1. Run down the lysines and flag those whose C-alpha is under 23 Å from the C-alpha of LYS98, throwing out any fewer than 8 positions away in its chain.
2. Relative contact order for region 38-94 using alpha-carbon pairs under 8 Å, separation at least 6, rounded to a whole percent?
3. Evaluate the distance, in nm, between pseudo-label points positioned 7 Å from the Cα of ASP27 and of ASP160 along their respective Cα→Cβ axes.
4. By how many nm would the segment from TYR132 to ALA81 grow when fully extended, if each residue of separation counts as 0.36 nm and the alpha-carbon distance is taken off?
5. Kindly state, to the nearest 0.05, the FRET efficiency for ILE95 paired with LYS38, given R0 = 25 Å and r defined as their beta-carbon distance.
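What follows is calculated from the coordinates using simple rules that are stated; it is not laboratory data. Predicted model, so just to flag it, every value in this text is computed and none were measured. Cβ: placed from backbone, ideal geometry, glycine included. Neighbour counts: every protein chain shown.
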Amino acid sequence: MFRYKILVLLLVIMLVVACSSVRVSQDFDPSKNIVNLKTFAWKTETQPPTGDIRVDNPLLDGRIRDAVERNLTARGYQKQAETTPDFYIAYQYVIQRKLDSDRPQTGIGFGIGSFGSRGGIGISTGTSVSEYDEGLLVIDFLGAREGELLWRGNGSRRVDQHSDPARTTERINEMVDKIMNQITPLNQ
């Protein structure tokens, strides 16, 4: 019974770690000073259509925009509606089909029957390959005057279909937060 509890606990831990696997990166031009940026606005009112029905979703667009705005205002930036902001925000979200494979595995087994009269040898080899969807979210800071790229943050993770809007919002918030947390060293 104790082994069963340990096994269940290990599986839950692995599931939690696997579910929160957002990979992030950033790129920026060191010659552009983004420390003095204080106000932002969206480059477009809505996300331009991509042709992918999973991405062209006004609910998803709203969740991403809310998460970005919440994150920026928590960092002290102010959304500018009436005059030209210091920078514009744009994002792109795509879902791509990916392949995942295990390392090749081999196994050899042998056995001896009762009283040594029978035996057998077994050899197995193989690799498992599976497909999955990966979502890639790219967030850009664009200069308000020239439109040049000042900062770009990327985040990717496996996408699963959720029937619960709260869970979808939670996953979007986590992804945006991890992408935007890369900004911190630039603003200090």
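1. Candidates past the 8-residue exclusion: LYS178.
2. Values: 48 pairs, mean separation 36.2, N = 57.
Here the relative contact order equals 63 percent.
3. Taking the two extended label points, one gets 3.2 nm.
4. Working: separation 51, 0.36 × 51 = 18.36 nm, distance 3.96 nm.
Residue separation times 0.36 nm, minus the Cα-Cα distance, leaves 14.4 nm.
5. Numbers: r = 34 Å, r/R0 = 1.35.
Once rounded, the FRET efficiency stands at 0.15.
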